[in-house]
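> One structure is given below, represented as structure tokens, and several questions about it will come after.
The values are calculated or read from the model by the stated rules, or taken from the named source; none is laboratory data. Note that the coordinates shown come from a computational prediction; the quantities given were computed from them, not determined experimentally. So basically every Cβ, Gly included, is an ideal-geometry build from the backbone, and we count neighbours across all protein chains shown. Surface areas here come from the heavy atoms of the whole protein model, side chains and all, with no ligands, DNA or RNA. Shrake-Rupley method; radii C 1.70, N 1.55, O 1.52, S 1.80 Å.
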Amino acid sequence: MSVVRRKFGWTDVEVPVLGQGTWMIEGSRNKEQQAVEALQLGLDLGLTHIDTAEMYGNGRAEELTAKAMGKRRSSVFLVSKVLPSNASYDGTLRACERSLNRLGTDWLDLYLLHWQSRYPIKETMRAMETLVTEGCVRFIGVSNLDLDELKKAQQALRHERLVCNQVLYHLADRGIERQLIPYCVQQQIAVVAYSPFGHSDTPSSGSRGRNILADIARKHGRTSRQVILNFLTRNAGVFAIPKASQNKHVRENSESTGWQLSESELEAMDQGFPAPDYDVPLGIL
Ligand code: NAP
């Protein structure tokens, strides 16, 4: 079954609940070839939201993304990010042009400020609006912004609306469930969960959480990884972008949507992986 799609934020665009990350896909020829093939398999399976950034491998991840997309550009929801150090007005325009060249395309579906910059947010957002006017970018988003920063980014936009905040969200870091997710849902800003497996910080074997995951997975005839992705995207406003360079991981991840955890299973997840009961600073990798 193909990955479930949902309306992305306030837009009418349907985007798969699960996308594909591209951080650290560059390296040896073999490693890159494997990563490109995995991205292509992901596209076949409906994981058509691809997340990249000028930062990843100094642009190499964007080149590999272009290779993976091949002639399928128009069926991809393509996302890239400007580095904060480039996020002046002119710097953002130039960074976007370089990304488009590396990606071999004329437009990005979504362009994000990678994290808070020393340049005033108004300047960066003005550049983002210029990019939309010029047809280089369809939608504007941010990444790693906490609630206050997010509100400032929203206010900085004059003609466009912010569509997404891409943030760290995994079982050991559920802080965004307290304020950020509810605010984004209310504002129709898509929350995109990065590092949904904690980058490499999955529950250790024999731990209570790991056993809970395994029990739930067994009941559904699924795997623990599938339960994790299903759980993180249980709210209709949340998407996730796991990175997988192994075909078997891509296949496994692609089967994580289209089924539901029961109330008692959600409670068990809360027991095993409690969300904080006080406000915590936004996590960042
Ligand atoms: P992640 O997705 O949490 O974890 C990636 C790791 O999980 C890889 O080692 C991968 O292995 C493994 N994996 C994937 N599926 C698996 C499966 N089914 N079973 C077992 N292992 C599996 O880590 P991430 O790369 O940090 O985050 C995902 C994406 O989010 C990034 O690639 C990037 O696009 C984005 N991101 C954004 C920011 C930001 O600041 N905006 C920060 C970090 C990440 P293999 O590769 O060997 O398959």
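> Report the net charge of residues surrounding residue 267, where surrounding means a beta-carbon distance below 13 angstrom and charges are Lys +1, Arg +1, Asp -1, Glu -1.
Values: positive: 234; negative: 215, 263, 265, 270.
Summing Lys/Arg as +1 and Asp/Glu as -1 gives -3.
> Rounded to the nearest 10 Å², what accessible area does residue 24 show when all protein chains are kept and the probe is 1.4 Å?
Spelled out: residue 24, probe radius 1.4 Å, area about 80 Å².
> What part of the accessible area of the chain, given as a whole %, is carbon or sulfur when the probe is 1.4 angstrom? Before the final figure, lay out each step's value.
Numbers: 5870 of 12780 Å².
Carbon and sulfur together cover 46 percent of it.
> On a full-extension model of 0.36 nm per residue, what is the gain between residue 7 and residue 284, subtracting their alpha-carbon distance, rounded to one decimal in nm?
Additional length available on full extension: 97.1 nm.
> Follow-up question, since we're still on this one. What is the spread of the Cα atoms of segment 23-88 along each of their three principal axes, largest first, in whole Å?
37, 28, 16
> Quick one, what does Rg over Rh come out to for the chain if you take C-alpha atoms and the Kirkwood Rh? Don't skip to the answer; put the middle values down first.
On the way: Rg = 18.2 Å, Rh = 19.1 Å.
Here the Rg-to-Rh quotient is 0.96.
> Which of the aspartates and glutamates could a cross-linker span from residue 152 if the Cα-Cα distance has to be under 18 Å and same-chain partners fewer than 8 positions apart are dropped?
Output for residue 152: 123, 129, 160.
> Taking 0.36 nm per residue of separation and subtracting the Cα-Cα distance, what length does fully extending residue 44 through residue 263 add?
Numbers: separation 219, 0.36 × 219 = 78.84 nm, distance 3.24 nm.
That pair, residue 44 and residue 263, stretches by 75.6 nm at full extension.
> Let me know the whole percent of all Cα-Cα pairs from segment 36-140 that are separated by more than 17 Å. Spell out each step's value before the answer.
Details: 2587 of 5460 pairs.
Tail fraction, whole percent: 47.
> Want the number for residue 24 to residue 67: 0.36 nm per residue separation, take away the alpha-carbon distance, what's left?
Values: separation 43, 0.36 × 43 = 15.48 nm, distance 1.57 nm.
Extending this stretch completely gives an extra 13.9 nm.
> Residue 74 to residue 155: FRET efficiency via 1/(1 + (r/R0)^6), r the Cβ-Cβ distance, R0 30 Å, to the nearest 0.05? Present the calculation step by step, with values, prior to reporting the outcome.
Working: r = 33 Å, r/R0 = 1.11.
Given R0 = 30 Å and the Cβ-Cβ separation, E is 0.35.
> OK, next. Taking loop as defined by DSSP and a crowding limit of 10 other beta carbons within 10 Å, which trypsin sites (Lys or Arg not before Pro) in segment 117-165 fit?
Working: sites: 118, 122, 126, 138, 151, 152, 158, 161; in loops: 118, 158, 161.
The qualifying sites are 118, 158.
> In addition: Restricting to DSSP loop positions (anything but H, G, I, E, B) with no more than 16 other Cβ atoms inside 10 Å of their own Cβ, which chymotrypsin sites (Phe, Trp or Tyr not before Pro) remain in segment 211-285? List each step's numbers first, then the result.
Working: sites: 231, 239, 259, 278; in loops: 259, 278.
Sites meeting the loop and neighbour criteria: 259, 278.
> A further question on this structure: Tell me the relative contact order for segment 41-91 as a rounded percent, counting alpha carbon contacts under 8 Å between residues six or more apart.
Reported as a whole number, the value is 44 percent.
> Which whole-number value in Å² is the accessible area per residue of the chain, probe 1.4 Å? Can you show the working numbers first?
Values: 12780 Å² over 285 residues.
Here the per-residue accessible area is 45 Å².
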